[in-house]
Structures are given as structure tokens and as C-alpha cells.
Amino acid sequence: MKSVEIALKMETDAVKFYKEASEKIFHPVGKKMFLTIAEDEKNHIKMIEEVLKGLELTIREANPIKTLKTIFEEMKDKMMERIKVQTDELEAFKIAMEMEKEGIEFYKKVIQEVNTEKEKKLFEKLIQEEEQHYKIFAETYNFLSDTG
């Protein structure tokens, strides 16, 4: 299986996991976070599919940190309430961090092996966004585990 096809599977699995996690998270910020990142992963799928079809790669600009800052601003009162976090909610964030970390490591490895500039550009973009996702999940995990 080609690295681009593996990337497609990883991104598809991520969308599924993040949607399922959003249904199990009680806190509205966490729920919104998982749904927002699932949308980013859907954009990754579209970019990967373009490469697989031999089309010109359309970089879809996503800024998950900016999007989530807006969410945090909208929900700041709820966020500042003392949060009782369920163990399985924290576990969902830990799993999400691990998924993002594995994605980053995989993309960094395969970027060295790709044959086309289009594939290189794709994996550079995926690395950049997955690093942002990891940071978001890690910071949220730390926030929730410190205050929960």
C-alpha cells in the first residue's frame, strides 16, 4: 500500500474516532473541539484524494488554533467553571494525542520517500496541521486534568 493510501486510511480513522469521541464528551468545549478537528481531518482526506486521482493539489487552509480560540472565547464562562472531568473523557484526549503523534511521525518518515513535489507538499501540510492538532489536544488534556 502506498504512503498516500495509508495516509487516507489514517485520516479516515481519525474522522471516525473524533466524531465518536465528540458524542461521549460531556463538556461543550471538548465536544466542539473534537468536531472541529474532525472537519480538519475531512479536509485532509480531500487533499489526499486529489493526489490519488492525479489532480492538482488544492491546499485547504485550516487554522484549528484560531478556530478553537474563537470557540474558547464564546464559551469562556462555561470553561472557567470548575469542571468535573470523566476519566473516559481524559482518555479520549490521550488517545487523540497519540493518534496525532503517530500521524506526525508517519508523515515525517514518508516525506523522505515520496516521488513527486505534489506528495511532498501534501505531507508538509499534513505535518503542520497534525502538529497543531496535537498541541491543542495536549493543552486541553493538561487544562482538564489540572482542574478536573
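The values are calculated or read from the model by the stated rules, or taken from the named source; none is laboratory data. Being a predicted model, the structure only gives us computed values, none of them experimental. Backbone-built Cβ (ideal geometry, glycine too); neighbour counts: all protein chains shown. Remember, those area values only see protein heavy atoms, side chains included, never the ligands or the DNA or RNA. Shrake-Rupley method; radii C 1.70, N 1.55, O 1.52, S 1.80 Å.
Summary table below
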{"quantity": "The stretch 102-125, residues that are within 21 Å of Ala38 (Cα to Cα), over 10 Å from the mean Cα position of the chain (by Cα) and open to solvent by less than 90 Å² (accessible area, probe 1.4 Å)", "calculated": "Ile104, Phe106, Tyr107, Leu122, Phe123, Glu124, Lys125"}
{"quantity": "Selected residue [in contact with a Pro (Cβ under 7 Å, 6 or more places away or on another chain), modelled with pLDDT under 90 and not charged (D, E, K, R)] from Ile136, Ile65, Ile71", "calculated": "Ile136"}
{"quantity": "Filtered residues of the stretch 25-40 (kept if aliphatic (A, V, I, L, M), closer than 16 Å to Met99 by Cβ and assigned to a helix (DSSP H, G or I))", "calculated": "Met33, Leu35, Ile37, Ala38"}
{"quantity": "Residue count, the stretch 91-111 (criterion: within 13 Å of Ile127 (Cα to Cα) and not charged (D, E, K, R))", "calculated": "7"}
{"quantity": "Flag for Tyr134 being outside any loop (DSSP other than H, G, I, E, B), surrounded by fewer than 20 Cβ atoms within 10 Å (Cβ to Cβ) and touching a helix residue (DSSP H, G or I) at 6+ places or on another chain (Cβ under 8 Å)", "calculated": "yes"}
{"quantity": "Complete set of residues in the stretch 74-100 that are farther than 16 Å from Asp146 by Cβ, open to solvent by 90 Å² or more (accessible area, probe 1.4 Å) and modelled with pLDDT of 55 or more", "calculated": "Glu74, Asp88"}
{"quantity": "Leading residue by the ranking (farthest from Lys135 (Cα to Cα)) among those in the stretch 93-118 that are out of contact with any helix residue (DSSP H, G or I) (no Cβ under 9 Å at 6 or more places or on another chain) and not acidic (Asp, Glu)", "calculated": "Asn115"}
